[in-house]
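J.: Sharing a structure with you now.
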Amino acid sequence: MKKDQLLTRRRALLAGAAVLGAAGAAGTARLLTADEPAGSPVRNTAPVAGPPVRRALKPSAYRLRPLTGYGPPRSAPARTVVRHEPFLRISGRGRSMVLTFDDGPDPRYTPDILRTLREYDVRAMFFVCGEMAVDNKDLLSEMADDGHVVGNHTWTHPRLTELSRSGIRSEMERTSEVIEQAYGEPPQWFRAPYGVWNRAAFQLGADLGMEPLAWTVDSLDWTTPGTRTIVNRVEDGAAPGVVVLSHDAGGDRSQSVRALRDYLPALLDSGYHLTVPRRQFA
Ligand SMILES: [Zn+2]
C-alpha cells in the first residue's frame, strides 16, 4: 500500500465507524443519537459544526473558544474523504431512522411537512435544489430554526452523468452557496438526482466538504400511488438504520404530505427514533 493510500485509509478510519463498513458493502453514516446533544438543533450547535474546529478541539475545549459572533464558523471545506459510493443507511443505537425530503423547497408542500415534523418534535433532512431554494429562502431558514439538516441536491436536478465536470461543479457550488446564505451554514451532505452518481460527483462533493447520502427505502411517492400506498411502503420498510426517500416538490406532493401525517406517529408509536445523521470529521 502506498503512503498516500495509507494516509487516505487513516483519514477514513478517523472519519468514523461509518467508513469501516464501506468497503464492499454500502457504508453507514453516524447518527446523532439521543446520547449525544440530542434534540439540539444542528444549526444551534454552531461551535462544533465547523470541520476544522471539530478536528482541532475536544468538546470541552469549545468553551475556551472566544465567541466571534452569531454566525456559524466560516470554514474552508473540510478535508472530506472521497467516497466511491454513497451511504445508503445510518448506524446508531436502537431503532433509529432518517426521513429525507427531496427536490424542494416548495411553498405548496414544504410548510405542511415542516408543521408535521414540528408537531412531533422530529428532525429530518431536506435535499434541496438551488433553483427552488433561491426563491424560498425563508423555508430554509425555517428548517434551520427547527434543527433540520439541509443537503445539496444540485441546482436544476440534472442527471450528473450527462454533464461535464465543470457543469457538475457549477450545479453543486451554486446550490451550496444559496444554502449557506439561507440556512446559515454550507451543506454537509449531498445527494445526486435520480440516484445517478459518478466519480466527478464524489470528488466535487468532497471538495465542497459534503458526504454522499442515498437512501434505503424509496417511498416512490413521486408516482402518486395514493397516500395509503406511500404509508405502507414506509411502514413496511421501517427498520433500524433505514433512510427513507420522499419528496416535498417536483409535482403534486399532497399525497406525500398526508402520508407523513400518518406514518410519522405510527413509526414513533412503534418505538422508532426519527433523527438526522451526524458527520464525523477526521
Ligand atoms: Zn430529486
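J.: Ranking request for peptides 97-109, 219-231: highest mean number of other beta-carbon atoms within 10 Å first, then the rest in descending order.
T.: Most protected by this proxy first, the peptides run 97-109, 219-231.
J.: Just order 261-268, 169-176 by mean Cβ neighbour count inside 10 Å, highest at the front, would you?
T.: Sorting 261-268, 169-176 by mean packing, highest first, produces 169-176, 261-268.
J.: How large is the dipole of region 203-274 about the Cα centre if only Lys and Arg carry +1 and Asp and Glu carry -1, each at its Cβ, rounded to the nearest 20 debye?
T.: The calculation lands at about 220 debye.
J.: Let me ask another. Using +1 on the beta carbon of Lys and Arg, -1 on that of Asp and Glu, and nothing else charged, what's the dipole of region 152-282 about the Cα centre, debye to 20?
T.: Dipole size: approximately 180 debye.
J.: Taking the Cα-to-Cβ direction at residue 223 and at residue 196 and moving 7 Å from each Cα, how far apart do the two end points lie in nm?
T.: It is 1.9 nm.
J.: Would you mind ranking 148, 84 by Cβ crowding within 10 Å, fewest neighbours first?
T.: 84, 148
J.: For region 147-237, I need the span (max minus min coordinate) of the C-alpha atoms along each principal axis, in Å, sorted largest to smallest.
T.: The principal-axis extents, from largest down, are 41, 32, 19 Å.
J.: Find how much the distance from residue 85 to residue 266 grows on full extension, using 0.36 nm per residue of separation minus their present alpha carbon separation; answer in nm with one decimal.
T.: Between residue 85 and residue 266, full extension yields 62.0 nm more.
Bear in mind that the values in this text are calculations on the coordinates, not laboratory data. From a predicted model like this one, the values you see are computed outputs, not experimental measurements. Glycine gets a Cβ as well: all are built from the backbone with ideal geometry, and neighbour counts include every protein chain shown.
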